[in-house]
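The next block holds one structure in the form of structure tokens; read it before the comments.
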Amino acid sequence: MRDVYILTEIKSNPMETGLVTRVPELAVILQQDLTLHGPEALTAGEWYAHYGPFSYYEDFGPASFTTIPLGWEEGRFTDPISDRRVVPEDEAEALRKRLSLPPVEQVLEALGEGS
């Protein structure tokens, strides 16, 4: 089974530090935190951006997932945004069940964030 990395954007993050636009930088930080000695463990995983009403002050619709094609080229992590795809709702529901993801509102409350 592959590792799964889900980056959930929450509206309290300033736009300039948004998670889903900084994936290669976040992968470097994660690689250091996990003391991984190469990019393979991260690039072999499934990466998703997760966003919805909890992400932005504007109404962008219901919660959804987008694949993140994390790669490694020329000694650095890459995220070709043009290769991302929105996960269809039936696949997103299967992903939620497979990972036993709690509702975002529950997680935000535990973090002390208002929804």
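Each residue in the range 45-69 was checked for being hydroxyl-bearing (Ser, Thr, Tyr), assigned to a loop (DSSP other than H, G, I, E, B) and open to solvent by less than 30 Å² (accessible area, probe 1.4 Å), and 1 pass.
If the condition is being touching a residue at least 12 places away in the same chain (Cβ under 8 Å) and open to solvent by 50 Å² or more (accessible area, probe 1.4 Å), then the range 12-24 contributes only Ser12.
Among the residues of the range 32-52, those that are of a type outside the set (A, V, I, L, M) and touching a residue at least 40 places away in the same chain (Cβ under 8 Å) comprise Gly45, Glu46, Trp47, Tyr48, His50, Tyr51, Gly52.
Here the range 24-57 is the region considered, the condition is being among the β-branched types (Val, Ile, Thr) and touching a strand residue (DSSP E or B) at 6+ places or on another chain (Cβ under 7 Å), and the residue that is nearest to Gly112 (Cα to Cα) is Val28.
Picking from Val20, Val28, which residue would you name as being among the β-branched types (Val, Ile, Thr) and under 22 Å from Leu108 (Cβ atoms)? The conditions single out Val20. Counting the residues of the range 70-90 that are in contact (Cβ under 8 Å) with a residue 40 or more places away in the chain, in a strand (DSSP E or B) and not charged (D, E, K, R) gives 2. Inside the range 4-35, can you point out the residues that are out of contact with any helix residue (DSSP H, G or I) (no Cβ under 7 Å at 6 or more places or on another chain) and assigned to a loop (DSSP other than H, G, I, E, B)? Hits for the range 4-35 are Glu9, Lys11, Ser12, Asn13, Pro14, Gly18, Val20, Thr21, Arg22, Leu34, Thr35.
The values are calculated or read from the model by the stated rules, or taken from the named source; none is laboratory data. Every value quoted in this text rests on a predicted model; they were computed, and no experiment measured them. In this analysis, Cβ positions are derived from the backbone assuming ideal geometry, glycine residues included, and neighbour counts consider all displayed protein chains. Note: accessible area is taken over every heavy atom of the protein model, side chains too, but ligands, DNA and RNA are not part of it. Shrake-Rupley method; radii C 1.70, N 1.55, O 1.52, S 1.80 Å.
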